[in-house]
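Heads up: the structure comes next, in structure tokens.
The values are calculated or read from the model by the stated rules, or taken from the named source; none is laboratory data. Since we're looking at a predicted model, the values are computed, not measured. All Cβ positions, glycine included, derive from the backbone under ideal geometry; neighbour counts span all protein chains shown.
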Amino acid sequence: MNISNRVPPIGPEASVDYGHGDFRVVRPGAFVRCAVTGVPIRLEDLRYWSVEWQEAYASPDAVLTRLKRAGRA
């Protein structure tokens, strides 16, 4: 199932510390927001993030968009 086709998460937005290969929930919640699209991402679906910018991304396309905006792609 595509992430955008899932039922929106219910609950507060989490605060997350993004590390290399893993992340740590700082403030519990049901989701984080994609830094590029603003779409909510359930924590169990979170696969893409930036350690440097401490941002989450909903898809590889969102990562590429962010890198292009930063002049790195």
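Give me the strands (runs of 3 or more DSSP E) completely within segment 30-69, filtered to those with at least 2 residues that are more than 20 Å from His20 (Cβ to Cβ), ordered by residue number.
Numbers: elements: 31-33, 40-42, 48-50, 55-57.
Output list reads 31-33, 40-42.
Could you please tell me which pairs satisfy a Cβ distance under 6 Å, a separation of 6+ or placement on different chains, a first residue in segment 8-35 that is within 17 Å of Ala62 (Cβ to Cβ), and a second residue that is at pLDDT 95 or above and among the polar types (S, T, N, Q)?
What qualifies is Tyr18/Gln54.
With (1) at pLDDT 95 or above; (2) more than 11 Å from the chain's Cα centre (by Cα); (3) not small (Gly, Ala, Ser) as the list, and Ile3 as the residue in question, which single condition is left unmet?
Looking at each condition in turn, Ile3 falls short on (1).
Residues are listed down the side, and each one gets a yes or a no for (1) under 13 Å from Glu13 (Cα atoms); (2) modelled with pLDDT of 95 or more; (3) surrounded by 16 or more Cβ atoms within 10 Å (Cβ to Cβ):
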{"position": "Gly38", "(1), (2), (3)": "yes, yes, no"}
{"position": "Leu43", "(1), (2), (3)": "yes, yes, yes"}
{"position": "Val51", "(1), (2), (3)": "no, yes, no"}
{"position": "Tyr57", "(1), (2), (3)": "no, yes, yes"}
{"position": "Pro60", "(1), (2), (3)": "no, yes, no"}
{"position": "Leu67", "(1), (2), (3)": "no, yes, no"}
